[in-house]
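Everything below concerns the one structure shown next.
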Amino acid sequence: MSPHSPLASAFSQNDRLLVIYTGGTIGMQQNANGLAPGGDFAARMAAALAQLTLAQQRSLPPYEVISYSTLIDSSAATPLTWQMLAQDVSEKLTAYAGFVIIHGTDTLSWTASSLAYQLQGLDRPVVLTGSMQPLEAPGSDGLGNLYGALQFAAMPTLQEVAIYFAGKLLRGARAIKQHSEAANAFTSPSYPLLGERVGNDFVVYPSRGLGLQQRGAPRFELPDYRLVNHGEVVRIVLWPGMCPWQLEAWLGDARIKGALLQLWGAGNIPDAPGLLDVLANASGEGKLLAAISQCPQGAVHLGAYAAGHGLSDAGILSGDDMTPEAAFTKLVHLLAQPLPLDVQRQRFLTPLVGER
Ligand code: ASP
C-alpha cells in the first residue's frame, strides 16, 4: 500500500480514501499481445494527478492505493470478484472515509450492482471508475475520471455505490454501459444523476441518494458467492422464432437455480405453444425466474399483452425497470443465501438499494 499526500489541502488524515486497483483499460499498457493490465498503478496515478492545476491538486483528498495481485481485464470478472471487492470494502470500511474502485469498463456496472446488494446501508461513498483510454494515452479520459471519482468519494453525503464517468455520477445499481468507444460510456436510463461535474465543481444531489432515502446502520450481506459461481443463474434474451425446446435446454438443467428473462417491450413473449409450460415447470421446481424488458428504458408490466398474459401465472417475477445488471446480480445475491423461496421472491420484488 502506498500513501499519497497531495499538496497541503483542507483534508485531514481522517478523510483519507482507499483506491483499489483491479485492472481495466485505465491501467493497461502495451505488451507483445496488445493491451494488458499494467502494474505500479499508485506511481502512475500520482504522476497523472500531478498534471492537474495546483488548485485542483490542492482539492484532492489524501488517498492510499492497493493493487490486486491478479490484475484483470474486467471481462474476466465473476461473482467471486464481486465478493472479494465487497469483503475488502467491508473489512476496511471504518479506516477510510470513502473508496474508489478502479475497474475495467466492460463489466463495471455488473460489479457496481453486485456491490450495492452486498454493501446495503453503506454510510460512505464507494465510487467505481475506469476509462476508455489507458491513463498514459494522449488525451485519455482516465485522468478526468480519476479526479472526479476522488472528489465524489470524499463527499460524506454520498452514501452508496456509485459510478463516476465522463462528468456524471450514477447510481451503481441503475447504470449500464451504453457505448463501446465514446468517453461518455455510461448512463442510468431510469434514474437521474446522483451528481455531476459542473465546470470545476463536483455537485452531488443528496435528495436522489440513498443517504437520505435509506438512513440506517450498515447492514452488509456478504453471502458465499461460491454457491453461485458455476453458471447457476442464466440470462436469456428472447428472439423472434425462439422455440420452447431451446428454453427447456437452459431451464430444465438441474444445475440452474435462477434465470433472468429479457422480454420484448413492456413484457411480451412469443405466442409459441409450450413456452409458458417450460417457464411454469421451472418455477414449479423452485427456480427463481424474473423478467425485465430488452428496451433500455421503461418497465415491464406482465400481463399487459395477451401473449404475455400467462407470465405471472407461470411464476415469473417482474423486474420492473431494473437494468439487466441489477436484476441479474440481485438473483445471484438472493440465491447465494439460504433463504426460503418465498422470501427470495418477496425480496426480489422489494427495492433494496434503489435499484427499482
Ligand atoms: N476490456 C476492458 C475491461 O473491461 C475495457 C475497459 O477497461 O474499458 O477491462
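Looking at this structure, is Tyr191 open to solvent by less than 40 Å² (accessible area, probe 1.4 Å) and away from the ligand (no atom under 16 Å from the Cβ)? Give the steps one after another, and end with the answer.
Values: open to solvent by less than 40 Å² (accessible area, probe 1.4 Å): no; away from the ligand (no atom under 16 Å from the Cβ): yes.
No.
Applying a threshold of 8 Å to beta carbon distances and a minimum spacing of six or more residues, or different chains, the list of pairs starting in segment 153-169 at a residue that is closer than 11 Å to Gly195 by Cβ and ending at one that is among the charged types (D, E, K, R) and open to solvent by 10 Å² or more (accessible area, probe 1.4 Å) reads Leu158/Arg124; Gly167/Glu196; Gly167/Arg197; Lys168/Glu196; Lys168/Arg197; Leu169/Glu196. So, Leu317, is that one under 16 Å from Arg235 (Cα atoms) and of a type outside the set (Ser, Thr, Tyr) or not? The answer is yes for Leu317.
Exactly one residue out of Asp271, Asp320, Asp277, Asp313 is open to solvent by 30 Å² or more (accessible area, probe 1.4 Å) and at positive phi: that is Asp320.
Here are some residues: Leu108, Leu60. Which one is open to solvent by less than 10 Å² (accessible area, probe 1.4 Å), aliphatic (A, V, I, L, M), within 16 Å of the ligand (Cβ to nearest atom) and farther than 24 Å from Gln213 by Cα? Lay out the reasoning, then the answer.
Numbers: Leu60 fails: within 16 Å of the ligand (Cβ to nearest atom).
Matching residue, one of Leu108, Leu60: Leu108.
Inside segment 134-160, residues that are within 20 Å of Gln178 (Cβ to Cβ) and open to solvent by 10 Å² or more (accessible area, probe 1.4 Å) make up a count of 3.
I'd like to check something: does segment 333-354 contain any residue that is buried (at least 24 other Cβ atoms within 10 Å of the Cβ), within 15 Å of the chain's Cα centre (by Cα) and more than 18 Å from Arg235 (Cα to Cα)?
From segment 333-354, those buried (at least 24 other Cβ atoms within 10 Å of the Cβ) are 333-334, 336, 353; that's our starting set.
Still in the list and also within 15 Å of the chain's Cα centre (by Cα): 333, 353.
With the extra rule that they be more than 18 Å from Arg235 (Cα to Cα), the set shrinks to 353.
Within segment 333-354, one or more residues are buried (at least 24 other Cβ atoms within 10 Å of the Cβ), within 15 Å of the chain's Cα centre (by Cα) and more than 18 Å from Arg235 (Cα to Cα).
Can you say whether Ser67 is within 16 Å of the ligand (Cβ to nearest atom) and either buried (at least 17 other Cβ atoms within 10 Å of the Cβ) or of a type in the set (Gly, Ala, Ser) (or both), as far as the supplied structure shows? When the stated conditions are applied, Ser67 passes them.
Checking the condition under 30 Å from Leu158 (Cα atoms) and free of Cβ contacts under 8 Å to residues at least 12 places away in the same chain, which residue from Gln297, Gln346, Gln337 passes?
Criteria check complete, one pass: Gln346.
Residues in segment 134-185 that are more than 15 Å from the chain's Cα centre (by Cα), closer than 16 Å to Gly211 by Cα and not in a loop (DSSP other than H, G, I, E, B): Phe152, Ala153. Restricting the first member to segment 64-75 and to residues that are within 15 Å of Val89 (Cβ to Cβ), and the second to residues that are at pLDDT 95 or above and within 9 Å of the ligand (Cβ to nearest atom), the beta-carbon pairs closer than 6 Å and six or more apart or on different chains are Tyr68/Thr22.
From the list Ala8, Ala50, Ala42, Ala32, which residue is farther than 20 Å from Pro125 by Cα, more than 16 Å from the ligand (Cβ to nearest atom), over 24 Å from the mean Cα position of the chain (by Cα) and modelled with pLDDT of 90 or more? Walk me through it before giving the result.
Numbers: Ala8 fails: modelled with pLDDT of 90 or more; Ala42 fails: over 24 Å from the mean Cα position of the chain (by Cα); Ala32 fails: modelled with pLDDT of 90 or more.
Ala50 is the lone residue from the list that is farther than 20 Å from Pro125 by Cα, more than 16 Å from the ligand (Cβ to nearest atom), over 24 Å from the mean Cα position of the chain (by Cα) and modelled with pLDDT of 90 or more.
Just one of Arg124, Arg44 is under 15 Å from Ile163 (Cα atoms), charged (D, E, K, R), surrounded by 18 or more Cβ atoms within 10 Å (Cβ to Cβ) and in contact with a helix residue (DSSP H, G or I) (Cβ under 8 Å, 6 or more places away or on another chain); which is it?
Working: Arg44 fails: under 15 Å from Ile163 (Cα atoms).
Step by step, each of Arg124, Arg44 is checked, and only Arg124 is under 15 Å from Ile163 (Cα atoms), charged (D, E, K, R), surrounded by 18 or more Cβ atoms within 10 Å (Cβ to Cβ) and in contact with a helix residue (DSSP H, G or I) (Cβ under 8 Å, 6 or more places away or on another chain).
Total residues in segment 212-238 satisfying the condition of being modelled with pLDDT of 95 or more, open to solvent by 30 Å² or more (accessible area, probe 1.4 Å) and not in a helix (DSSP H, G or I): the figure is 9. Elements of the type strands (runs of 3 or more DSSP E) sitting completely within segment 52-133 and holding at least 2 residues that are over 22 Å from Lys177 (Cα atoms): these cover 63-72.
The values are calculated or read from the model by the stated rules, or taken from the named source; none is laboratory data. Values in this document were obtained by computation on a predicted structure and should not be read as measured data. Every residue, glycine among them, receives a Cβ derived from its backbone with ideal geometry; neighbour counts consider all protein chains shown. When the accessible area is computed, the model is the full protein with side chains, heavy atoms only, and any ligands, DNA or RNA have been set aside. Shrake-Rupley method; radii C 1.70, N 1.55, O 1.52, S 1.80 Å.
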